[in-house]
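Some notes on the structure that comes next.
What follows is calculated from the coordinates using simple rules that are stated; it is not laboratory data. Worth saying up front: this structure is predicted, and the values here are computed from it rather than measured. With ideal geometry, Cβ positions are generated from the backbone for all residues, glycine too; neighbour counts draw on all protein chains shown.
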Amino acid sequence: MRSSNPVFSRRGFSRSNGYAGFDAQQQQPPQAGNPYATNPYAANPYGQQTNPYAAQQTQAPGQPYAPPAAPPSAGRMTLDDVVARTGMTLGLVIVTAALAWITGLSLPLAFGAGLVAMVLSLVQAFKRKPSPALILAYAAFEGLFLGALSNFVNQFVNGAAMQAVLGTLAVFTAVLVLYKTRIIRVTQRFYRFTIAAAIGFVLLMAVNMLFAVFGGGDGLGFRSGGLGILFGVVGIVLGALFLALDFKQVEDGIAYGAPKEESWLAAFGLTLTLVWIYLEFLRLIAILQGDN
């Protein structure tokens, strides 16, 4: 399946042209003589194999395809793998953030660490396989950036960092509950809307930054005042949508028997999304408290 985060959109668990599970309710009965025709994730002896992780799967004529409940097997990704890798990645972010906070890391060094983290994330995005070393290095540098930035904001808005952490945890819990109860259903339309909205959001922020750099002030005002509050809320909502895509990524990766190493990719995606949500909360809280 495709990853939920934009930096991973070029690759995914299925290595196919579709997002895993999206077309489950739209499959037609298999063609005569080819029981694999309507399952893009099965090993297809008639030509292409679009899911290199799946064993041969057959289905009865007329029965719509649904993601299989893949039994645990050696070398296959499990939920425990994803939880463990995500815990390691987020734990490293927290440790280095605390280190930056305690030592009073300067903002110039923090932004340098943030730039390194961005480069590492892009390098990982264009690698064919997940690299635990790159992912953990990203987490370490990202933590330094977040810790120093949070400490700086907290000096002007007391308790801002803790409020942002609590807000991020609340969003994560809410989206997880809504996803597990199927109130949120990740479909092809959901995926396309989220990606399009995220691209538009990032482009607007880039334009605002350019105006701020060359024109001075706050650029177009997307990060302060009423517009800043609006775009902060939009940013958090987008982060919540990406969380739903992350959960879909994990669910489908397990169902289709992705290799165990792909749990690092899932952990990386979850970390990126949670960092996004935290930063938007931190910015929104700073704007709201600064206006009081």
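In this structure, the amide hydrogen of R76, modeled 1.01 Å from its nitrogen in the peptide plane, lies closer than 5 angstrom to those of K260, counting only residues at least 5 positions away or on a different chain. A crude spin-label estimate for the pair V234 and L204, with each label 7 Å from Cα along the Cβ direction, gives 0.0 nm.
Derived scalar couplings between HN and Hα for the range 97-104 equal 5, 5, 4, 5, 5, 5, 7, x Hz in order, rounded to whole Hz, by the Karplus curve 6.51 cos²θ - 1.76 cosθ + 1.60 (θ = phi - 60°), x for Gly and Pro. Classified by the C-alpha gyration tensor, the range 108-245 has a rounded form. Its axis ratio a/c, with a ≥ b ≥ c, is below 1.5.
A crude spin-label estimate for the pair F111 and L288, with each label 7 Å from Cα along the Cβ direction, gives 2.7 nm.
The packing ranking, built from the mean of other Cβ atoms within 10 Å per residue, places the peptides 245-258, 83-96 in the order 245-258, 83-96, highest first. Taking θ as phi - 60° and the Karplus parameters 6.51, -1.76 and 1.60, the scalar couplings of the range 275-281 work out to 5, 4, 4, 4, 5, 5, 5 Hz in sequence order, x denoting glycine and proline. Rounded to the nearest 0.05, the FRET efficiency derived from the C-beta distance between A212 and L79 at R0 = 35 Å is 0.25.
Spin-label model, T173 to N158: label points 7 Å out along the Cα-to-beta-carbon direction sit 2.6 nm apart.
Between T187 and V119, the FRET efficiency estimated from the beta carbon spacing at R0 = 35 angstrom works out to 0.55.
Bridgeable lysines around K129 (alpha carbons under 26 Å apart, same-chain partners fewer than 8 residues away excluded): K248, K260.
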